[in-house]
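A.B. asks: I'd like to ask you about the structure that follows.
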Amino acid sequence: MIIVMKPNATPENVEHVVKKLHKYGLEAHLSQGKQVTIIGVIGEKSVLANKNMELLAGVDKLVPVTESYKLVNRKFSDKNTTVKIGGVEIGGDNFTIIAGPCAIESEEQIFEAAKQLKEGGVSILRGGAFKPRTSPYSFQGLGEEGLKYMQKAAKEYNMLTVSEVTSVYALNIASKYLDIIQIGARNMQNYELLKEVGKTHKPVFLKRGLSATVDEWLNAAEYIIRENNSKVILCERGIRTFETSTRNTLDISAIPVVKAKSHLPIFVDPSHASGVRGYITALARAAVAVGSDGIMVEVHPNPDQALSDGAQSLTPAEFIELRNQIKPIVDIMGRKLC
Ligand code: PEP
Ligand code: MN
């Protein structure tokens, strides 16, 4: 449930309501909107039966929250959440590009990618080290060694880093090297991993599961935020459908749906959504126009030599073309390309 305060409610009124909630063993989450303060209530709300909370000074109304996710729920906050990492802010007026190779393959490769992307205006570098490959015989990633290379490259070019963790084991190794921890599609419902990643209090990039509904995805985000980690960025990366002409089907409607249901920032990954280099720029244009807060795109210094996802990786020159094509749309949307 949420308690909506009146526009003229005083801080003392709010404090009084919060104290009452605590007295009944409930958690209170404050959201200060432009007009009113909203108090999100978590816990067994039946304890409030016959307590006449709506009669307390400054209270406007009590609204039930029927969805199973609460803290990520739009009803808990009418302000869009932004995630601040160093000097970078994700969400709000910013449209942020995260780019880099599917996998870190060598020190030279990630340095080359970082250099080219930094020149292309990118400030967040991606690169997989623990790769969730379909075949156990495919390149599995360089693990910690790869993360060391990426950290070095990011330091050299003043960039932030993001990489996927596939287990608590990988998380324990990776968290010391990364600015943002990625949970991939295959682990979106790995609840023990979600809890552990929440506990790191690092920003989390949470991809949508291959066949997850929006509500399942938002519940996954709730697991992270429950650990007092509000820095969650969602990413739509395509879902499984009957269509086989693309690797997945980009669910473009998920962006306005998520914006209506949640206050969290949301990205689009046109690379994993399409699986085809030639479709990525068109989908990136759509991502901007539909209101996403950024894109994550795979770029490789030499895609034909890539050890994973070469077919969906842009060359650095193609990346610059993508950036040039989305820039006017970002401007029309009233946002800043970062
Ligand atoms: C990735 O971003 O490297 C990745 C494996 O993506 P996804 O989890 O969306 O398949
Ligand atoms: Mn990939």
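A.B. asks: For region 231-244, what are the residues that are within 10 Å of residue 264 (Cβ to Cβ) and either among the charged types (D, E, K, R) or more than 11 Å from the chain's Cα centre (by Cα) (or both)?
C.D. replies: The answer is 231, and nothing else.
A.B. asks: Also, quick follow-up: Please verify whether residue 87 is over 20 Å from residue 15 (Cα atoms), modelled with pLDDT of 95 or more, touching a Ser or Thr at 6+ places or on another chain (Cβ under 9 Å) and not aliphatic (A, V, I, L, M), treating the condition exactly as stated.
C.D. replies: no
A.B. asks: On the basis of being within 16 Å of ligand 1 (Cβ to nearest atom) and either of a type in the set (D, E, K, R) or touching a residue at least 40 places away in the same chain (Cβ under 8 Å) (or both), does residue 103 make the cut?
C.D. replies: So residue 103 fits the description; yes.
A.B. asks: Could I ask something else about it? Tell me, please, whether a residue that is at pLDDT 95 or above, charged (D, E, K, R) and within 20 Å of residue 158 (Cα to Cα) can be found in region 57-69.
C.D. replies: no
A.B. asks: Which ranges mark the strands (runs of 3 or more DSSP E) fully within region 226-338 that have 3 or more residues being more than 16 Å from ligand 1 (Cβ to nearest atom)?
C.D. replies: Answer list for region 226-338: none.
A.B. asks: Hey, another quick one. Looking at (1) in contact with a strand residue (DSSP E or B) (Cβ under 8 Å, 6 or more places away or on another chain); (2) more than 16 Å from ligand 2 (Cβ to nearest atom); (3) at positive phi, which is the one condition that is false for residue 228?
C.D. replies: All conditions pass for residue 228, except number (1).
A.B. asks: Let me ask another. For region 179-196, does any single residue satisfy the condition of being surrounded by fewer than 18 Cβ atoms within 10 Å (Cβ to Cβ) and within 24 Å of residue 142 (Cβ to Cβ)?
C.D. replies: yes
A.B. asks: Hey, among 87, 58, 121, 128, which residue is at positive phi and assigned by TED's automatic domain parsing to the domain that holds residue 331?
C.D. replies: 121
A.B. asks: Another question, if that's okay. If you go through region 279-320, how many residues are away from ligand 2 (no atom under 16 Å from the Cβ) and among the small types (Gly, Ala, Ser)?
C.D. replies: Matching residues across region 279-320 total 8.
The values are calculated or read from the model by the stated rules, or taken from the named source; none is laboratory data. Remember, it's a predicted structure, so these values are computed and weren't measured experimentally. Methodologically, a virtual Cβ is constructed for each residue, glycine included, from the backbone with ideal geometry; neighbour enumeration extends over all protein chains shown.
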